[in-house]
Amino acid sequence: MHYEGNIIRPPSEANSILLQVTVGCSRNKCTFCGTYTGERFRIKPDSMIMEDIEFAARYARRQRRVFLCDGDALIIPQKRLLKILRAIEERLPWVTRVGAYGNAKSLNLKTPEELAELKSHGLGIIYMGLETGDDVTLKKINKGAGSAQMIAMGRKAKDAGFKLSITVLLGIAGRQRSQIHAQETGRVLTAIDPDYVGALSLMLIPGTPLFDDYQAAKFELIEPDEMLAELRTMIAATNLTRGLFHANHASNYLPIKARLPKDKETTVNLIDQALAGKIALKPEYLRAL
């Protein structure tokens with residue numbers, strides 16, 4: 001397989017065939033992210049992608065899923081993306097689902113008909129980084145879309161039949177807007193009603209604008225108990241039809257896995273116990289991106 005630069009994937013795609021179709025991220029302006037610093041976004045040549053599919057056809061017969069790397073494969077023009085999906089259908093017929101990252105921009109560029117066409121050729125799940133539902137914080141972190149557009153694009157993906165997994169980021173609003181961020185994120189998640197929510201805890205990365213703000217005392221990194229309080233408020237404010245809310249990423253202080261609405265009360269009580277010191281939190285040295 002031809003891999004270039006940093007390769008990222010959702011935790012749930014750990015056992016998938018990682019097919020890199022783009023290098024970098026089409027946005028690459030979020031203040032907290034250093035994954036693609038200095039990396040110019042580009043779509044890989046079709047010939048190289050097809051070579052990698054042929055490699056997978058020979059050596060990845062036990063893997064039932066494909067994940068299209070990297071930061072935003074959905075931005076690929078429709079004809080080229082369909083060509084990739086059709087090649088996966090033809091050469092990897094045992095694959096049951098293809099996944100990709102998508103953002104508000106790339107979802108906006110696709111018509112409902114185009115999304116339906118991608119779905120019909122195997123694209124089954126889209127991973128979308130919301131980070132926060134707070135418009136003030138969305139603007140500060142340079143996410144490129146407000147909460148209304150995030151809701152519209154999330155619903156657009158759901159209406160096209162995709163499974164939708166949304167990432168939110170505890171601590172991203174700093175101390176002053178911590179609870180506002182949590183409440184507003186719950187509001188937006190409720191409006192979108194995704195199938196999965198993954199909550200990560202902010203880890204500052206040297207070289208990013210947010211890290212520079214932290215060093216200049218323009219951003220306050222909240223403490224572990226404040227992140228837990230955010231998570232409590234967020235879960236309490238989130239109403240999903242039957243979504244799975246995860247907070248079990250390596251960055252989190254308290255692993256959470258809850259089916260909402262069924263497990264909401266139990267989960268809130270669990271967080272309350274942790275806040276009261278009755279449940280130990282993960283030590284700092286065990287956290288990771």
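Taken together, the values in this text are just the output of simple stated rules run on the coordinates, not laboratory data. Computed from a predicted structure; not experimentally measured. Don't worry about glycine lacking a Cβ; one is built from the backbone with ideal geometry, like all the others, and counts go over all protein chains shown.
Close amide H pairs (under 5 Å, H built 1.01 Å from N) link Q20 with C69, residues at least 5 positions away or on another chain. Based on every Cα atom in the chain, Rg and the maximum pairwise Cα distance Dmax equal 19.0, 57 Å.
Annotation: lysines with alpha-carbon distance below 28 angstrom to K163 (same-chain offsets under eight excluded): K29, K44, K79, K83, K105, K110, K119, K139, K143, K257, K262, K264. In the calculated pair-distance distribution of the stretch 143-289, the portion above 28 angstrom amounts to 19 percent of the Cα-Cα pairs.
Using C-alpha pairs under 8 Å with a sequence gap of at least 6, the mean separation divided by the residue count of the chain gives a relative contact order of 14 percent.
Close amide H contacts of E131 (hydrogens built in the peptide plane, cut-off under 5 Å, sequence separation of 5 or more or a different chain): T167, V168, L169. Between beta-carbons, use under 10 Å as the cut-off and find the net charge around A116, counting Lys and Arg +1, Asp and Glu -1. Surrounding charge for A116 is -2.
With charges set only on the Cβ (+1 for Lys and Arg, -1 for Asp and Glu), what does the dipole of the chain come to about its Cα centre, in debye to the nearest 20?
On the way: 40 positive and 32 negative charges, 140 e Å.
Computed charge dipole of the chain: roughly 680 debye.
Each of K140, K257 was scored by other Cβ atoms within 10 Å of its Cβ. Listed from fewest to most, they are K257, K140.
Size of the dipole of the stretch 128-173 about the Cα centre, Lys and Arg at +1 and Asp and Glu at -1 on the beta carbon, nothing else charged, in debye to 20? Walk me through the numbers on the way to the answer.
Working: 7 positive and 4 negative charges, 27 e Å.
Here the stretch 128-173 has a charge dipole of around 120 debye.
FRET efficiency for the pair K163 and Q215, taken as 1/(1 + (r/R0)^6) with r the Cβ-Cβ distance and R0 = 25 Å, rounds to 0.05.
Where both residues lie in the chain, what percent of DSSP beta bridges are antiparallel, nearest 5?
Working: 6 of 33 bridges.
Just about 20 percent of them are antiparallel.
Which distance in Å, rounded to a whole number, links the C-alpha centroids of the stretch 206-245 and the stretch 76-143? That distance is 26 Å. Of M150, M48, the sequence from fewest to most neighbouring Cβ atoms within 10 angstrom is M48, M150.
Can you put L231, L82, L74 in order, fewest other beta carbons within 10 Å first?
Numbers: L231 27, L82 17, L74 24.
Starting with the residue having the fewest Cβ neighbours, the order is L82, L74, L231.
What the Cβ-Cβ distance of T266 and H121 gives, at R0 = 41 Å and to the nearest 0.05, is a FRET efficiency of 0.55.
Think of the chain as having a plus end and a minus end, set by charges on the Cβ of Lys, Arg, Asp and Glu; of H121, S165, N103, H121 sits farthest toward the positive end of this dipole.
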